Number of protein chains: 2
Amino acid sequence: MCDACGCGHDHIHKETKTIDVNQSLLKANEEAAAGNRRHFDEDGVFAINIISAPGSGKTTLLEKTIEALKDELKIGVLEGDIETDLDAERIRKKGVPAVQLTTGGACHLDSVLVHKGFHLLEHSLNGEGLDLLFIENVGNLVCPSFFDLGEHIRVVLISVPEGHDKPLKYPKVIKTSHALIISKSDLVQYFDFDIEKIKKDALSLNPSLKIFVTSAKTGEGLDEWMGYVRSKLKYQKSK
Amino acid sequence: MCDACGCGHDHIHKETKTIDVNQSLLKANEEAAAGNRRHFDEDGVFAINIISAPGSGKTTLLEKTIEALKDELKIGVLEGDIETDLDAERIRKKGVPAVQLTTGGACHLDSVLVHKGFHLLEHSLNGEGLDLLFIENVGNLVCPSFFDLGEHIRVVLISVPEGHDKPLKYPKVIKTSHALIISKSDLVQYFDFDIEKIKKDALSLNPSLKIFVTSAKTGEGLDEWMGYVRSKLKYQKSK
(Lines give C-alpha, C1' and ligand atoms only; values in the text may rest on other atoms or scores of the structure.)
Protein backbone atom coordinates (compact mmCIF):
# COMPACT_ATOMS: atom_id res chain seq x y z
CA MET A 1 0.00 0.00 0.00
CA CYS A 2 1.14 3.50 -0.76
CA ASP A 3 0.98 5.85 2.21
CA ALA A 4 1.51 8.89 0.02
CA CYS A 5 -1.66 8.51 -2.02
CA GLY A 6 -3.47 5.41 -0.69
CA CYS A 7 -4.11 4.02 -4.17
CA GLY A 8 -3.44 0.38 -3.41
CA HIS A 9 -0.53 -0.02 -5.81
CA ASP A 10 2.78 -1.03 -4.29
CA HIS A 11 5.57 1.24 -5.26
CA ILE A 12 8.93 2.48 -4.16
CA HIS A 13 10.29 5.29 -2.05
CA LYS A 14 14.00 4.97 -2.49
CA GLU A 15 14.88 8.63 -2.95
CA THR A 16 17.08 8.72 0.17
CA LYS A 17 19.03 5.64 -0.81
CA THR A 18 19.51 6.94 -4.34
CA ILE A 19 20.94 10.20 -3.04
CA ASP A 20 23.39 8.35 -0.76
CA VAL A 21 24.65 6.22 -3.62
CA ASN A 22 24.91 9.18 -5.98
CA GLN A 23 26.84 11.18 -3.41
CA SER A 24 29.32 8.37 -2.96
CA LEU A 25 29.84 8.12 -6.73
CA LEU A 26 30.11 11.89 -7.07
CA LYS A 27 32.68 11.99 -4.26
CA ALA A 28 34.76 9.27 -5.97
CA ASN A 29 34.49 11.22 -9.22
CA GLU A 30 35.66 14.41 -7.50
CA GLU A 31 38.75 12.68 -6.17
CA ALA A 32 39.61 11.42 -9.64
CA ALA A 33 38.88 14.92 -11.04
CA ALA A 34 41.39 16.43 -8.62
CA GLY A 35 43.92 13.87 -9.89
CA ASN A 36 43.19 14.88 -13.49
CA ARG A 37 43.62 18.57 -12.65
CA ARG A 38 47.02 17.93 -11.06
CA HIS A 39 47.95 15.85 -14.09
CA PHE A 40 46.92 18.61 -16.54
CA ASP A 41 48.79 21.25 -14.51
CA GLU A 42 51.97 19.18 -14.26
CA ASP A 43 51.91 18.70 -18.03
CA GLY A 44 51.05 22.35 -18.74
CA VAL A 45 47.78 21.51 -20.49
CA PHE A 46 44.73 23.78 -20.32
CA ALA A 47 41.55 21.66 -20.32
CA ILE A 48 38.09 22.76 -21.50
CA ASN A 49 34.98 20.63 -20.89
CA ILE A 50 32.27 21.29 -23.51
CA ILE A 51 28.68 20.42 -22.64
CA SER A 52 25.41 20.68 -24.58
CA ALA A 53 22.29 18.84 -25.66
CA PRO A 54 22.67 16.57 -28.71
CA GLY A 55 23.07 18.52 -31.92
CA SER A 56 23.83 21.97 -30.49
CA GLY A 57 27.05 22.13 -32.47
CA LYS A 58 29.85 21.07 -30.10
CA THR A 59 31.86 19.25 -32.77
CA THR A 60 31.34 22.04 -35.30
CA LEU A 61 32.58 24.60 -32.75
CA LEU A 62 35.65 22.42 -32.18
CA GLU A 63 36.31 22.17 -35.91
CA LYS A 64 36.21 25.97 -36.21
CA THR A 65 38.36 26.44 -33.09
CA ILE A 66 40.98 23.98 -34.34
CA GLU A 67 41.11 25.72 -37.73
CA ALA A 68 41.73 29.06 -36.02
CA LEU A 69 44.20 28.00 -33.32
CA LYS A 70 46.09 24.92 -34.51
CA ASP A 71 49.04 26.89 -35.95
CA GLU A 72 49.73 28.60 -32.63
CA LEU A 73 48.77 25.88 -30.13
CA LYS A 74 49.17 22.12 -29.85
CA ILE A 75 45.60 20.87 -29.49
CA GLY A 76 44.17 17.45 -28.54
CA VAL A 77 40.57 16.30 -28.21
CA LEU A 78 38.74 13.70 -26.13
CA GLU A 79 35.42 12.88 -27.80
CA GLY A 80 32.67 11.59 -25.53
CA ASP A 81 29.81 9.60 -27.04
CA ILE A 82 27.58 6.76 -26.00
CA GLU A 83 28.29 4.88 -29.21
CA THR A 84 30.18 5.40 -32.51
CA ASP A 85 33.45 7.20 -33.26
CA LEU A 86 31.95 9.56 -35.85
CA ASP A 87 33.03 12.71 -33.97
CA ALA A 88 36.65 11.65 -33.37
CA GLU A 89 36.88 10.96 -37.12
CA ARG A 90 35.62 14.49 -37.86
CA ILE A 91 38.24 15.98 -35.52
CA ARG A 92 41.13 13.92 -36.91
CA LYS A 93 40.31 15.25 -40.38
CA LYS A 94 41.25 18.69 -39.02
CA GLY A 95 44.77 17.39 -38.36
CA VAL A 96 44.76 17.11 -34.56
CA PRO A 97 44.85 13.94 -32.41
CA ALA A 98 41.54 12.75 -31.00
CA VAL A 99 40.61 9.82 -28.75
CA GLN A 100 37.03 8.59 -28.80
CA LEU A 101 35.61 7.77 -25.35
CA THR A 102 32.47 5.65 -25.76
CA THR A 103 30.54 5.34 -22.53
CA GLY A 104 28.56 2.25 -23.61
CA GLY A 105 25.25 3.61 -22.33
CA ALA A 106 26.31 6.08 -19.64
CA CYS A 107 24.93 9.57 -20.10
CA HIS A 108 28.06 11.57 -19.23
CA LEU A 109 31.84 11.33 -19.10
CA ASP A 110 33.48 10.75 -15.74
CA SER A 111 36.97 11.55 -14.49
CA VAL A 112 38.26 7.98 -14.71
CA LEU A 113 37.36 7.70 -18.38
CA VAL A 114 38.93 11.10 -19.06
CA HIS A 115 42.07 10.02 -17.21
CA LYS A 116 42.40 6.92 -19.37
CA GLY A 117 41.66 8.88 -22.55
CA PHE A 118 44.23 11.54 -21.70
CA HIS A 119 46.92 8.88 -21.32
CA LEU A 120 46.03 7.39 -24.70
CA LEU A 121 46.14 10.86 -26.23
CA GLU A 122 49.53 11.67 -24.69
CA HIS A 123 50.85 8.28 -25.74
CA SER A 124 49.89 9.00 -29.37
CA LEU A 125 51.97 12.21 -29.30
CA ASN A 126 55.35 10.50 -28.74
CA GLY A 127 56.44 12.87 -25.99
CA GLU A 128 55.22 16.11 -27.60
CA GLY A 129 53.19 18.06 -25.03
CA LEU A 130 49.71 19.57 -25.54
CA ASP A 131 48.81 23.20 -24.83
CA LEU A 132 45.08 22.78 -25.05
CA LEU A 133 42.78 19.81 -24.39
CA PHE A 134 39.14 19.90 -25.41
CA ILE A 135 36.87 17.34 -23.78
CA GLU A 136 33.61 17.05 -25.73
CA ASN A 137 31.08 15.55 -23.35
CA VAL A 138 28.17 13.24 -24.24
CA GLY A 139 25.24 15.17 -25.74
CA ASN A 140 23.20 15.84 -22.62
CA LEU A 141 22.35 19.11 -20.87
CA VAL A 142 21.72 17.48 -17.48
CA CYS A 143 24.02 14.73 -16.18
CA PRO A 144 27.41 16.03 -17.35
CA SER A 145 26.88 19.13 -15.19
CA PHE A 146 27.24 16.99 -12.05
CA PHE A 147 30.62 15.53 -13.02
CA ASP A 148 33.80 17.57 -12.64
CA LEU A 149 36.35 16.11 -15.07
CA GLY A 150 39.28 18.12 -13.71
CA GLU A 151 38.81 20.76 -16.42
CA HIS A 152 40.00 24.36 -15.98
CA ILE A 153 36.90 25.82 -17.58
CA ARG A 154 33.49 24.47 -18.52
CA VAL A 155 31.62 25.76 -21.56
CA VAL A 156 27.95 25.13 -22.33
CA LEU A 157 26.35 25.51 -25.77
CA ILE A 158 22.67 26.26 -26.36
CA SER A 159 21.61 26.53 -30.00
CA VAL A 160 18.96 28.94 -31.26
CA PRO A 161 16.59 26.13 -32.41
CA GLU A 162 16.44 24.79 -28.82
CA GLY A 163 14.75 27.94 -27.54
CA HIS A 164 15.65 30.77 -25.15
CA ASP A 165 13.91 29.12 -22.17
CA LYS A 166 16.70 26.58 -21.59
CA PRO A 167 18.77 28.33 -18.85
CA LEU A 168 15.82 28.45 -16.43
CA LYS A 169 14.89 24.83 -17.23
CA TYR A 170 18.48 23.50 -16.95
CA PRO A 171 20.00 25.79 -14.28
CA LYS A 172 22.72 23.46 -12.97
CA VAL A 173 24.80 23.52 -16.14
CA ILE A 174 24.50 27.31 -16.34
CA LYS A 175 25.53 27.72 -12.69
CA THR A 176 28.60 25.50 -13.06
CA SER A 177 29.88 26.86 -16.41
CA HIS A 178 32.35 29.66 -17.10
CA ALA A 179 31.03 30.47 -20.56
CA LEU A 180 27.78 30.09 -22.53
CA ILE A 181 27.90 29.86 -26.30
CA ILE A 182 24.63 30.62 -28.04
CA SER A 183 25.16 28.75 -31.31
CA LYS A 184 23.47 28.82 -34.74
CA SER A 185 22.74 32.56 -34.39
CA ASP A 186 22.18 32.73 -38.16
CA LEU A 187 18.85 30.97 -37.56
CA VAL A 188 17.48 33.57 -35.15
CA GLN A 189 15.18 35.00 -37.84
CA TYR A 190 13.34 31.65 -38.17
CA PHE A 191 12.65 31.22 -34.45
CA ASP A 192 10.92 33.09 -31.67
CA PHE A 193 14.28 33.38 -29.91
CA ASP A 194 14.97 36.33 -27.62
CA ILE A 195 18.74 36.82 -27.22
CA GLU A 196 18.36 39.49 -24.54
CA LYS A 197 16.09 37.21 -22.49
CA ILE A 198 18.42 34.19 -22.60
CA LYS A 199 21.35 36.43 -21.60
CA LYS A 200 19.37 37.95 -18.72
CA ASP A 201 18.14 34.55 -17.46
CA ALA A 202 21.62 32.99 -17.69
CA LEU A 203 23.26 35.92 -15.87
CA SER A 204 20.61 35.82 -13.14
CA LEU A 205 21.78 32.25 -12.41
CA ASN A 206 25.49 32.96 -12.86
CA PRO A 207 26.50 36.65 -12.90
CA SER A 208 30.11 35.92 -13.90
CA LEU A 209 29.15 33.85 -16.97
CA LYS A 210 30.82 34.99 -20.19
CA ILE A 211 28.33 34.83 -23.10
CA PHE A 212 29.10 34.52 -26.81
CA VAL A 213 26.54 34.70 -29.61
CA THR A 214 28.01 32.65 -32.45
CA SER A 215 27.37 31.15 -35.87
CA ALA A 216 29.67 28.62 -37.48
CA LYS A 217 27.99 29.52 -40.78
CA THR A 218 28.45 33.32 -40.79
CA GLY A 219 31.40 33.41 -38.38
CA GLU A 220 29.61 35.72 -35.93
CA GLY A 221 31.21 35.73 -32.49
CA LEU A 222 33.97 33.24 -33.33
CA ASP A 223 36.82 35.77 -33.06
CA GLU A 224 35.57 36.75 -29.59
CA TRP A 225 35.48 33.07 -28.60
CA MET A 226 39.05 32.49 -29.85
CA GLY A 227 40.17 35.58 -27.93
CA TYR A 228 38.56 34.20 -24.77
CA VAL A 229 40.32 30.82 -25.16
CA ARG A 230 43.67 32.54 -25.76
CA SER A 231 43.27 34.82 -22.73
CA LYS A 232 42.24 31.97 -20.41
CA LEU A 233 45.19 29.87 -21.53
CA LYS A 234 47.60 32.80 -21.14
CA TYR A 235 46.29 33.50 -17.63
CA GLN A 236 46.70 29.83 -16.66
CA LYS A 237 50.28 29.69 -18.01
CA SER A 238 51.17 32.83 -16.03
CA LYS A 239 50.14 31.25 -12.72
CA MET B 1 48.72 3.63 -7.99
CA CYS B 2 46.70 2.89 -11.03
CA ASP B 3 47.14 -0.64 -12.36
CA ALA B 4 45.40 0.19 -15.61
CA CYS B 5 47.88 2.79 -16.80
CA GLY B 6 50.61 3.01 -14.13
CA CYS B 7 50.50 6.81 -14.05
CA GLY B 8 50.86 7.27 -10.29
CA HIS B 9 47.52 9.02 -9.79
CA ASP B 10 45.05 7.35 -7.49
CA HIS B 11 41.69 6.89 -9.08
CA ILE B 12 38.58 4.79 -8.96
CA HIS B 13 37.32 1.63 -10.57
CA LYS B 14 33.76 1.40 -9.37
CA GLU B 15 32.07 0.39 -12.62
CA THR B 16 30.87 -2.95 -11.22
CA LYS B 17 29.35 -1.39 -8.13
CA THR B 18 27.63 1.30 -10.19
CA ILE B 19 26.01 -1.28 -12.43
CA ASP B 20 24.70 -3.25 -9.43
CA VAL B 21 23.14 -0.15 -7.90
CA ASN B 22 21.65 0.97 -11.20
CA GLN B 23 20.15 -2.46 -11.81
CA SER B 24 18.50 -2.41 -8.39
CA LEU B 25 17.01 1.04 -9.07
CA LEU B 26 15.90 0.01 -12.55
CA LYS B 27 14.24 -3.11 -11.14
CA ALA B 28 12.36 -1.03 -8.55
CA ASN B 29 11.30 1.34 -11.32
CA GLU B 30 10.06 -1.55 -13.43
CA GLU B 31 7.86 -2.80 -10.61
CA ALA B 32 6.35 0.66 -10.20
CA ALA B 33 5.92 0.89 -13.99
CA ALA B 34 3.94 -2.34 -14.01
CA GLY B 35 1.72 -0.79 -11.32
CA ASN B 36 1.21 2.31 -13.43
CA ARG B 37 0.30 0.20 -16.46
CA ARG B 38 -2.34 -1.72 -14.49
CA HIS B 39 -3.63 1.58 -13.17
CA PHE B 40 -3.91 3.09 -16.66
CA ASP B 41 -5.62 -0.05 -18.00
CA GLU B 42 -8.13 -0.21 -15.14
CA ASP B 43 -9.01 3.43 -15.77
CA GLY B 44 -9.15 3.01 -19.57
CA VAL B 45 -6.38 5.55 -20.19
CA PHE B 46 -3.93 5.24 -23.09
CA ALA B 47 -0.51 6.58 -22.03
CA ILE B 48 2.19 7.99 -24.34
CA ASN B 49 5.71 8.78 -23.08
CA ILE B 50 7.39 11.49 -25.17
CA ILE B 51 11.19 11.70 -25.12
CA SER B 52 13.65 14.04 -26.82
CA ALA B 53 16.66 16.29 -26.30
CA PRO B 54 15.94 19.79 -24.96
CA GLY B 55 14.24 21.99 -27.53
CA SER B 56 13.24 19.36 -30.09
CA GLY B 57 9.62 20.49 -29.91
CA LYS B 58 7.87 18.10 -27.48
CA THR B 59 5.61 20.78 -26.00
CA THR B 60 4.83 22.27 -29.41
CA LEU B 61 3.86 18.81 -30.71
CA LEU B 62 1.59 18.41 -27.69
CA GLU B 63 -0.04 21.79 -28.32
CA LYS B 64 -0.78 20.79 -31.93
CA THR B 65 -2.04 17.35 -30.89
CA ILE B 66 -4.34 18.80 -28.25
CA GLU B 67 -5.78 21.30 -30.75
CA ALA B 68 -6.53 18.47 -33.17
CA LEU B 69 -7.90 15.86 -30.76
CA LYS B 70 -9.38 17.61 -27.74
CA ASP B 71 -12.95 17.69 -29.12
CA GLU B 72 -13.01 13.91 -29.58
CA LEU B 73 -10.87 12.74 -26.64
CA LYS B 74 -10.43 13.67 -23.00
CA ILE B 75 -6.71 14.48 -22.75
CA GLY B 76 -4.43 15.06 -19.74
CA VAL B 77 -0.72 15.87 -19.59
CA LEU B 78 2.10 15.20 -17.12
CA GLU B 79 4.92 17.67 -17.77
CA GLY B 80 8.40 16.57 -16.70
CA ASP B 81 11.07 19.19 -16.11
CA ILE B 82 14.03 19.65 -13.82
CA GLU B 83 12.84 23.11 -12.81
CA THR B 84 10.03 25.59 -13.68
CA ASP B 85 6.39 25.00 -14.63
CA LEU B 86 6.61 26.88 -17.93
CA ASP B 87 5.49 23.89 -20.00
CA ALA B 88 2.46 22.97 -17.84
CA GLU B 89 1.35 26.60 -18.20
CA ARG B 90 1.61 26.35 -22.00
CA ILE B 91 -0.50 23.16 -21.99
CA ARG B 92 -3.19 24.57 -19.68
CA LYS B 93 -3.65 27.46 -22.11
CA LYS B 94 -4.85 24.84 -24.62
CA GLY B 95 -7.71 23.98 -22.25
CA VAL B 96 -6.57 20.60 -20.93
CA PRO B 97 -5.43 19.67 -17.42
CA ALA B 98 -1.68 19.44 -16.82
CA VAL B 99 0.40 18.55 -13.78
CA GLN B 100 4.01 19.72 -13.65
CA LEU B 101 6.46 17.13 -12.33
CA THR B 102 9.72 18.84 -11.38
CA THR B 103 12.48 16.36 -10.73
CA GLY B 104 14.68 18.80 -8.77
CA GLY B 105 17.87 17.82 -10.56
CA ALA B 106 17.11 14.30 -11.78
CA CYS B 107 17.59 13.80 -15.50
CA HIS B 108 14.49 11.71 -16.23
CA LEU B 109 11.01 10.91 -14.93
CA ASP B 110 10.52 7.70 -12.98
CA SER B 111 7.44 5.59 -12.38
CA VAL B 112 6.89 6.75 -8.82
CA LEU B 113 6.78 10.39 -9.84
CA VAL B 114 4.42 9.55 -12.71
CA HIS B 115 2.20 7.60 -10.33
CA LYS B 116 1.90 10.58 -7.99
CA GLY B 117 1.32 12.97 -10.87
CA PHE B 118 -1.39 10.76 -12.38
CA HIS B 119 -3.27 10.79 -9.08
CA LEU B 120 -3.08 14.58 -8.89
CA LEU B 121 -4.30 14.79 -12.49
CA GLU B 122 -7.23 12.42 -11.85
CA HIS B 123 -8.09 14.28 -8.65
CA SER B 124 -8.33 17.55 -10.61
CA LEU B 125 -10.90 16.00 -12.96
CA ASN B 126 -13.58 15.40 -10.29
CA GLY B 127 -14.31 11.85 -11.40
CA GLU B 128 -14.26 12.45 -15.15
CA GLY B 129 -12.03 9.83 -16.79
CA LEU B 130 -9.23 10.48 -19.28
CA ASP B 131 -8.90 8.78 -22.68
CA LEU B 132 -5.37 9.86 -23.41
CA LEU B 133 -2.44 10.71 -21.14
CA PHE B 134 0.68 12.36 -22.51
CA ILE B 135 3.80 12.17 -20.35
CA GLU B 136 6.36 14.70 -21.54
CA ASN B 137 9.71 13.54 -20.19
CA VAL B 138 12.66 15.72 -19.12
CA GLY B 139 14.60 17.02 -22.14
CA ASN B 140 17.27 14.33 -22.45
CA LEU B 141 17.89 11.78 -25.19
CA VAL B 142 19.76 9.34 -22.93
CA CYS B 143 18.52 8.62 -19.40
CA PRO B 144 14.73 8.58 -19.98
CA SER B 145 15.21 5.66 -22.37
CA PHE B 146 16.17 3.41 -19.42
CA PHE B 147 13.01 4.14 -17.41
CA ASP B 148 9.72 2.47 -18.30
CA LEU B 149 6.95 4.70 -16.92
CA GLY B 150 4.17 2.19 -17.58
CA GLU B 151 3.33 3.87 -20.89
CA HIS B 152 1.61 2.01 -23.73
CA ILE B 153 3.78 3.59 -26.38
CA ARG B 154 7.00 5.58 -26.35
CA VAL B 155 7.64 8.30 -28.91
CA VAL B 156 11.00 9.96 -29.57
CA LEU B 157 11.48 13.30 -31.33
CA ILE B 158 14.62 14.33 -33.21
CA SER B 159 14.55 17.78 -34.77
CA VAL B 160 16.22 18.67 -38.07
CA PRO B 161 18.69 21.15 -36.47
CA GLU B 162 20.08 18.33 -34.28
CA GLY B 163 21.39 16.41 -37.30
CA HIS B 164 20.66 13.09 -38.97
CA ASP B 165 23.45 11.25 -37.09
CA LYS B 166 21.48 11.02 -33.84
CA PRO B 167 19.96 7.50 -34.11
CA LEU B 168 23.39 5.82 -34.34
CA LYS B 169 24.76 7.97 -31.50
CA TYR B 170 21.74 7.45 -29.22
CA PRO B 171 20.57 3.92 -30.13
CA LYS B 172 18.86 2.98 -26.87
CA VAL B 173 16.00 5.46 -27.24
CA ILE B 174 15.48 4.40 -30.87
CA LYS B 175 15.43 0.70 -29.94
CA THR B 176 12.88 1.19 -27.15
CA SER B 177 10.49 3.54 -28.97
CA HIS B 178 7.42 2.75 -31.05
CA ALA B 179 7.53 5.91 -33.13
CA LEU B 180 10.11 8.49 -34.23
CA ILE B 181 8.99 12.00 -35.05
CA ILE B 182 11.43 14.01 -37.13
CA SER B 183 10.40 17.54 -36.18
CA LYS B 184 11.02 21.02 -37.67
CA SER B 185 11.06 19.57 -41.21
CA ASP B 186 10.48 23.08 -42.60
CA LEU B 187 14.16 23.78 -41.72
CA VAL B 188 15.57 20.97 -43.83
CA GLN B 189 16.73 23.41 -46.53
CA TYR B 190 19.03 25.21 -44.05
CA PHE B 191 20.81 22.08 -42.82
CA ASP B 192 22.82 19.24 -44.23
CA PHE B 193 20.09 16.85 -43.07
CA ASP B 194 19.48 13.60 -44.95
CA ILE B 195 15.97 12.32 -44.24
CA GLU B 196 16.52 9.02 -46.05
CA LYS B 197 19.68 8.36 -44.02
CA ILE B 198 18.07 9.03 -40.64
CA LYS B 199 15.14 6.77 -41.61
CA LYS B 200 17.49 4.00 -42.73
CA ASP B 201 19.67 4.23 -39.60
CA ALA B 202 16.67 4.28 -37.28
CA LEU B 203 15.04 1.30 -39.00
CA SER B 204 18.30 -0.64 -38.87
CA LEU B 205 18.13 -0.35 -35.06
CA ASN B 206 14.38 -0.91 -34.81
CA PRO B 207 12.68 -2.33 -37.92
CA SER B 208 9.15 -1.87 -36.53
CA LEU B 209 9.62 1.83 -35.75
CA LYS B 210 6.93 4.09 -37.23
CA ILE B 211 8.49 7.29 -38.59
CA PHE B 212 6.79 10.66 -39.13
CA VAL B 213 8.39 13.68 -40.79
CA THR B 214 6.63 16.71 -39.30
CA SER B 215 6.60 20.47 -39.04
CA ALA B 216 4.47 22.36 -36.53
CA LYS B 217 4.95 25.42 -38.75
CA THR B 218 3.77 24.05 -42.11
CA GLY B 219 1.63 21.22 -40.71
CA GLU B 220 3.55 18.54 -42.64
CA GLY B 221 2.99 15.06 -41.23
CA LEU B 222 0.67 16.12 -38.41
CA ASP B 223 -2.44 14.44 -39.88
CA GLU B 224 -0.52 11.17 -40.15
CA TRP B 225 0.61 11.52 -36.51
CA MET B 226 -2.98 12.18 -35.33
CA GLY B 227 -4.13 9.14 -37.33
CA TYR B 228 -1.48 7.02 -35.64
CA VAL B 229 -2.54 8.17 -32.15
CA ARG B 230 -6.22 7.49 -32.96
CA SER B 231 -5.44 4.01 -34.32
CA LYS B 232 -3.27 3.04 -31.33
CA LEU B 233 -5.94 4.20 -28.90
CA LYS B 234 -8.70 2.36 -30.80
CA TYR B 235 -6.63 -0.82 -30.83
CA GLN B 236 -5.98 -0.56 -27.09
CA LYS B 237 -9.69 0.00 -26.32
CA SER B 238 -10.62 -3.05 -28.43
CA LYS B 239 -8.42 -5.35 -26.32
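Quick notes on this one:
- The range A:94-113 - residue that is in contact (Cβ under 8 Å) with a residue 40 or more places away in the chain and touching a Phe, Trp or Tyr at 6+ places or on another chain (Cβ under 9 Å) and, of those, nearest to residue A:37 (Cα to Cα): A:111
- Among the residues of the range B:203-223, the one identified as of a type in the set (D, E, K, R) and either exposed (fewer than 12 other Cβ atoms within 10 Å of the Cβ) or under 19 Å from residue B:71 (Cβ atoms) (or both) is B:223.
- Scanning the range A:22-30 for any residue that is modelled with pLDDT of 95 or more and either crowded, with 18+ Cβ neighbours inside 10 Å or part of a loop (DSSP other than H, G, I, E, B) (or both) turns up nothing.
- The set of residues from the range A:42-70 being within 12 Å of chain B (Cβ to nearest Cβ) and part of a helix (DSSP H, G or I) comprises A:42, A:43, A:58, A:59, A:60.
- Of all the residues in the range A:81-93, those that are touching a strand residue (DSSP E or B) at 6+ places or on another chain (Cβ under 9 Å), of a type outside the set (A, V, I, L, M, F, W, C) and either part of a loop (DSSP other than H, G, I, E, B) or touching a residue at least 40 places away in the same chain (Cβ under 8 Å) (or both) number 5.
- Test: residue in the range B:189-207 that is of a type in the set (D, E, K, R) and touching a Pro at 6+ places or on another chain (Cβ under 6 Å): yes
- Members of the range A:122-133 found to be surrounded by 20 or more Cβ atoms within 10 Å (Cβ to Cβ) and either without any contact (Cβ under 8 Å) to a residue 60 or more places away in the chain or within 25 Å of residue B:51 (Cβ to Cβ) (or both), listed by number: none
- Residue within the range A:97-109 that is hydroxyl-bearing (Ser, Thr, Tyr), modelled with pLDDT of 95 or more and at negative phi present: no
- Index of the failed condition, residue B:184 passing every other in (1) modelled with pLDDT of 95 or more; (2) under 24 Å from residue B:95 (Cα atoms); (3) within 9 Å of chain A (Cβ to nearest Cβ): (2)
- Long-range neighbours under 6 Å by Cβ, at least six apart or interchain, first residue facing chain B (nearest Cβ under 7 Å) within the range A:28-39, second of a type outside the set (S, T, N, Q) and in a helix (DSSP H, G or I): A:32/A:112
- Condition check for residue A:73 on (1) part of a loop (DSSP other than H, G, I, E, B); (2) modelled with pLDDT of 80 or more; (3) farther than 30 Å from residue A:159 by Cα; (4) of a type in the set (A, V, I, L, M): one failure, at (3).
- Filter result for residue B:204 (touching a residue at least 60 places away in the same chain (Cβ under 8 Å), closer than 26 Å to residue A:82 by Cα and polar (S, T, N, Q)): no
Each row is one residue, and each column tells you yes or no for (1) more than 12 Å from chain B (Cβ to nearest Cβ); (2) free of Cβ contacts under 8 Å to residues at least 12 places away in the same chain; (3) surrounded by 21 or more Cβ atoms within 10 Å (Cβ to Cβ); (4) part of a loop (DSSP other than H, G, I, E, B).
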| site | (1), (2), (3), (4) |
| --- | --- |
| A:115 | no, no, yes, no |
| A:119 | no, yes, no, no |
| A:135 | yes, no, yes, no |
| A:140 | no, no, yes, yes |
| A:144 | no, no, yes, no |
| A:158 | no, no, yes, no |
| A:161 | no, no, yes, no |
| A:172 | no, no, no, no |
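- Residues located in the range A:146-156, provided they are buried (at least 23 other Cβ atoms within 10 Å of the Cβ) and part of a strand (DSSP E or B): A:155, A:156
- When the test is whether a residue is out of contact with any Cys (no Cβ under 9 Å at 6 or more places or on another chain) and farther than 29 Å from residue B:95 by Cβ, residue B:191 passes it.
- Hey, residue B:217 without any contact (Cβ under 8 Å) to a residue 12 or more places away in the chain and within 10 Å of chain A (Cβ to nearest Cβ) or not: no
- Tally of residues being of a type in the set (D, E, K, R) and under 17 Å from residue A:156 (Cβ atoms) across the range A:177-196: 1
The values are calculated or read from the model by the stated rules, or taken from the named source; none is laboratory data. Everything numeric here is computed off the predicted structure, so don't read it as measured data. Neighbour counts run over all protein chains shown; Cβ positions are idealised from the backbone, glycine included.
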